[in-house]
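The values are calculated or read from the model by the stated rules, or taken from the named source; none is laboratory data. What you are looking at is a predicted structure, and each value in this text was computed from that prediction instead of being measured. For neighbour counting, all protein chains shown are included, and Cβ atoms are generated from backbone atoms with ideal geometry for every residue, glycine included.
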Amino acid sequence: MKKSVISILVMMLGIVALTKANTPIEPLEKEKIQQMTEQQHQQRIVVLEDRVLEIEAMEMGDLKWKEKRALKKELRQIEREINMHINNTGIYISGGALLIIVLLIILL
């Protein structure tokens with residue numbers, strides 16, 4: 001009796017773990033990312049990198065084309081979010097503004 005209860009619990013835990021592993025990660029909005037602390041940024045990057053490793057470990061030959069497309073879309077979202085975590089500080093200067101600044105420096 002105990003062995004059957006334990007085996008049922010192990011099977012249920014395995015099913016939950018498999019469904020949890022294949023669920024896509026929801027992307028965060030830019031405002032939430034900007035409000036995060038440095039430690040939260042690092043934790044989120046680790047979670048995203050773990051998900052990328054899970055996707056890379058999957059056997060792509062067994063998936064249907066819709067599933068492959070969904071995984072590619074998720075990878076693009078993860079890449080964008082990691083870039084937002086890494087590049088959330090700094091000054092962005094357009095090409096025209098840079099040209100005007102250089103001309104002003106030359107002329108003055």
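The table below gives the values:
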quantity: Condition broken by residue 99, with the remaining ones in (1) modelled with pLDDT of 90 or more; (2) touching a His at 6+ places or on another chain (Cβ under 7 Å) satisfied; calculated: (2)
quantity: Which numbered condition residue 91 misses (of (1) part of a helix (DSSP H, G or I); (2) free of Cβ contacts under 8 Å to residues at least 40 places away in the same chain; (3) of a type in the set (Val, Ile, Thr)); calculated: (1)
quantity: Residue in the range 42-49 that is out of contact with any strand residue (DSSP E or B) (no Cβ under 8 Å at 6 or more places or on another chain), modelled with pLDDT under 90 and basic (Lys, Arg) present; calculated: yes
quantity: Among residues of the range 65-92, those that are exposed (fewer than 10 other Cβ atoms within 10 Å of the Cβ) and of a type in the set (A, V, I, L, M, F, W, C), counted; calculated: 2
